[in-house]
1. Check 61, 10 and return the single one that is over 27 Å from residue 87 (Cα atoms), surrounded by 12 or more Cβ atoms within 10 Å (Cβ to Cβ) and touching a helix residue (DSSP H, G or I) at 6+ places or on another chain (Cβ under 7 Å).
2. Under 7 Å by Cβ, and 6 or more places apart or on different chains, what pairs join a residue from segment 43-67 that is free of Cβ contacts under 8 Å to residues at least 12 places away in the same chain and at positive phi with one that is of a type in the set (Phe, Trp, Tyr) and surrounded by fewer than 12 Cβ atoms within 10 Å (Cβ to Cβ)?
3. State all residues of segment 30-55 that are more than 19 Å from residue 83 (Cα to Cα) and modelled with pLDDT of 95 or more; if no residue qualifies, say none.
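The values are calculated or read from the model by the stated rules, or taken from the named source; none is laboratory data. These figures come from a predicted structure and were not determined experimentally. Counting neighbours? That spans all protein chains shown, and the Cβs are built from the backbone with ideal geometry, glycine included.
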Amino acid sequence: MTEFIRANHPIALSANVLEDILPAPLVRDLDLSRAFMPPRLLSWWRSVLVDLAATADFSAPRINPELAMHADGATGGAQISLLFCSRTSLRH
């Protein structure tokens, strides 16, 4: 069984609405509608992810040492993005 070690770099978590981060001309040209995500609900998701990122599993994740050795000194850790999108965007 492989022994895991604690990584030096955290796993960053974020939440966004896909149509908000795409270039406006692209959203307009593809006639994409924005996902139904009221600001208060998006704010709630972001606060949940902040709390989750503070846990040991994300702030100092356990990784396979072989993976760490082959990372070539990569810095910054990993990024996990939760993207909410509309059904129209899913079709494209």
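1. Numbers: 61 fails: touching a helix residue (DSSP H, G or I) at 6+ places or on another chain (Cβ under 7 Å).
After applying the criteria, what remains is 10.
2. Filtered contacts from segment 43-67: no entries.
3. So the first thing to find is which residues in segment 30-55 are more than 19 Å from residue 83 (Cα to Cα), and the list is 54-55.
Passing the criteria: none in range.
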